[in-house]
Amino acid sequence: MKDRVLLKDKTGDFLGFLAERFEIVAPVERADAPAEFKELAESDVPALDGSKPMMTPKDYLLPRHEVLVKIDMAGGETKVETPLPEEKPRVMLCAWLADAQAIQVLDRVFLDRKFVDPYYSCRRENLVLFAVIPAEMRWSWFSGSVDDVETWKSSVDGLMYDLGDRFYIESTSEKGAELIASAPLSEASETDTAAKNKLWDAFKNTGLQPFAGKALYENLAWDDPIWEEMAQKCIACGMCSFMCPSCSCFDIQDETCGHCVERYRCRDTCQFEDFTLMGHGHNPRATQLPRSRQRLLHKFKYQHEQFGVVGCTGCGRCVELCPVNIDIREALNRTCVEPMEQKAEA
Ligand code: SF4
Ligand code: SF4
């Protein structure tokens with residue numbers, strides 16, 4: 001199947017073609033806030049080029065607040081409702097590739113063989129996924145350091161490379177190929193393909209770190225002094241987890257109003273003190289040190305051991321947004337690369 005090209009001034013035709021077949025989910029700009037993934041209304045203008053900060057696709061697949069069960073006991077009668085999202089064909093456009101790969105991590109948690117989360121599954125099943133490679137890389141990205149990003153292409157159905165006045169559209173699955181074969185797109189020229197290859201190389205090499213290729217899951221040390229240093233700085237605000245495309249922890253709460261009860265889930269994080277607080281008062285992670293350590297060991301070691309995927313995809317949000325400038329790239333270099341270099345010198 002040949003790759004194809006979408007001229008940006010024909011984007012409306014392409015979206016119209018998709019809208020006849022799918023619910024389109026794409027980032028939409030908001031006033032004074034980063035673009036957010038949502039189901040497109042007719043009046044929405046999606047931000048397709050991936051050039052600006054974005055909320056993660058996780059916010060669509062696993063909303064920040066989601067009612068799981070509603071119980072209404074009005075008039076002595078008990079009604080129980082489970083408001084599952086509608087199952088319908090969806091296409092998600094223009095997630096950063098790091099965020100699309102993070103969906104693989106979420107899938108391991110919510111579509112596990114032993115337990116399928118029905119709320120997540122309703123949005124995720126039948127989702128066709130096209131990721132974007134923007135014209136300019138962000139300074140904080142380091143995807144090529146955490147994994148072989150070539151393998152990530154199999155996590156999506158296609159890629160949209162921003163080549164200025166056009167998107168180069170590459171299909172990476174049968175579903176993706178079928179879709180772009182029938183879509184109103186132009187044939188890609190050799191010049192387009194060369195420009196696409198150049199952009200892909202730029203993405204692969206962005207933010208390469210000394211720890212790249214160092215199999216972090218084998219080398220991260222439980223007792224490294226770096227965890228204490230991170231803990232001393234961390235104010236436990238939770239930003240790094242809430243904005244992470246692959247962090248999946250949630251809490252479940254009940255809200256009562258007279259004769260109604262709503263059971264909902266909302267974000268939670270291992271960075272909060274009460275995250276591991278048990279009913280009888282014991283807290284196995286009672287200080288910030290084990291909490292800071294848990295965040296990195298879970299992403300780079302435990303998730304790899306458990307699921308065979310790296311839990312961090314190098315999207316850089318936690319690097320950009322931490323209010324006290326904790327940069328996990330520095331921590332990973334300190335804990336893995338420096339000891340290896342010292343051993344080699346000895
Ligand atoms: S964003 Fe920074 S300060 Fe906030 S919990 Fe994460 S590491 Fe700690
Ligand atoms: S860079 Fe930070 S926010 Fe992004 S995937 Fe890795 S841990 Fe999560």
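Check Val128: other-chain or 5+ apart residues with amide H under 5 Å from its amide H, H built from backbone geometry?
Arg90, Val91, Met92
Taking the Cα centre of the chain as origin and charging only Cβ (+1 Lys, Arg; -1 Asp, Glu), how large is the dipole, in debye to the nearest 20?
480 debye
Ranked by Cβ crowding within 10 angstrom, fewest neighbours first, how are Leu127, Leu97 ordered? Don't jump to the answer; show the numbers that get you there.
Numbers: Leu127 18, Leu97 25.
Ordered by Cβ neighbours within 10 Å, fewest first: Leu127, Leu97.
Please give the Cα centre distance for the stretch 235-278 versus the stretch 100-145, rounded to the nearest Å.
20 Å
Assuming R0 = 45 Å, what is the FRET efficiency of Tyr302 and Met73, from their Cβ-Cβ distance, to the nearest 0.05?
Between Tyr302 and Met73 the formula returns 0.60.
What residues qualify as long-range amide H neighbours of Val69, i.e. H under 5 Å apart, gap of 5 or more or another chain, H built at 1.01 Å from N?
Arg263
Roughly how big is the stretch 67-210's charge dipole about its Cα centre, with Cβ charges of +1 (Lys, Arg) and -1 (Asp, Glu), in debye to the nearest 20?
Value, rounded to 20: 320 debye.
Loop-only check: which GluC sites (Glu not before Pro) in the stretch 8-71 are DSSP coil with at most 16 other Cβ within 10 angstrom?
Filter output for the stretch 8-71: Glu20, Glu42.
If exposed means no more than 14 neighbouring beta carbons inside 10 Å and the site is in a DSSP loop, what's the longest run of the chain without any exposed trypsin sites (Lys or Arg not before Pro)?
Result, exposed sites excluded: 115-346.
If you build a Gaussian network model of the chain, linking Cα atoms that sit under 10 Å apart, which residue out of Thr206, Thr78, Thr151 swings the most?
Per the Cα network of the chain with a 10 Å cutoff, Thr78 tops the list.
Full-extension gain between Glu150 and Glu338, please, as 0.36 nm times their residue separation minus the C-alpha to C-alpha distance.
Values: separation 188, 0.36 × 188 = 67.68 nm, distance 2.74 nm.
Gain in length upon complete extension: 64.9 nm.
May I ask you to evaluate 6.51 cos²θ - 1.76 cosθ + 1.60, the Karplus curve with θ = phi - 60°, for each residue of the stretch 203-212 and list the ³J(HN,Hα) values in order in whole Hz, giving x for glycine and proline?
Residue by residue, the stretch 203-212 yields 4, 4, 9, 5, x, 4, 10, x, 7, 4 Hz.
Lysine pairs in the stretch 4-205 8 or more apart or on different chains: how many have alpha carbons under 13 angstrom apart?
Details: Lys38/Lys58; Lys70/Lys79; Lys153/Lys204; Lys196/Lys204.
Value for the stretch 4-205: 4.
Run the quick spin-label model on Phe115 and Arg30: label points 7 Å from Cα toward the beta carbon, then report their separation in nm to one decimal.
So the label points at Phe115 and Arg30 sit 2.9 nm apart.
Running a GNM on the chain with Cα contacts under 10 Å, which residue among Ser189, Ser140, Ser248 ends up with the highest mean-square fluctuation?
Maximum among the listed residues: Ser189.
So how far apart, in nm, are the two label points at Leu84 and Glu330 if each is 7 Å from Cα heading toward Cβ?
For the pair Leu84/Glu330, the computed spacing is 4.8 nm.
Quick one: pull the percentage of alpha-carbon pairs in the stretch 119-278 with a separation above 29 Å.
Roughly 44 percent, rounded to a whole number.
Enter the Cα centre distance for the pair the stretch 15-30 and the stretch 56-74, rounded to the nearest angstrom.
Using only Cα atoms to place each centre, the spacing works out to 22 Å.
Under the rule that an exposed site lies in a DSSP loop and has at most 16 other Cβ atoms within 10 Å, name the longest stretch of the chain with no chymotrypsin sites (Phe, Trp or Tyr not before Pro) of that kind, not counting the sites themselves.
223-346
For His65 and Glu187, compute 0.36 nm times the residue count separating them, minus their Cα-Cα distance, and round to one decimal in nm.
39.7 nm
Provide the per-residue ³J(HN,Hα) series for the stretch 134-139, in order, calculated from phi with Karplus coefficients 6.51, -1.76, 1.60 and θ = phi - 60°, each as a whole number of Hz, with x at glycine and proline positions.
Working through the residues one at a time gives x, 5, 10, 7, 7, 4 Hz.
Which value in Å does the Kirkwood hydrodynamic radius of the stretch 205-251 take, with 1/r averaged over all unlike C-alpha pairs and then inverted?
Details: mean 1/r = 0.0733 Å⁻¹.
One over the average 1/r among Cα pairs gives 13.6 Å for the stretch 205-251.
Compute the Kirkwood hydrodynamic radius of the stretch 4-205, taking the inverse of the mean of 1/r over all pairs of distinct Cα atoms, and give it in Å to one decimal.
One over the average 1/r among Cα pairs gives 18.2 Å for the stretch 4-205.
What is the log10 of I(q)/I(0) for the chain, computed with the Debye formula using one identical point scatterer on each Cα and no solvent, at q = 0.07, 0.14 Å⁻¹?
-0.34, -1.20
Readers should treat all values here as calculations from the given coordinates under stated rules, not as data from a laboratory. These figures come from a predicted structure and were not determined experimentally. Neighbour counts are summed over all protein chains in view; Cβ atoms, including those assigned to glycine, are modelled from backbone coordinates with ideal geometry.
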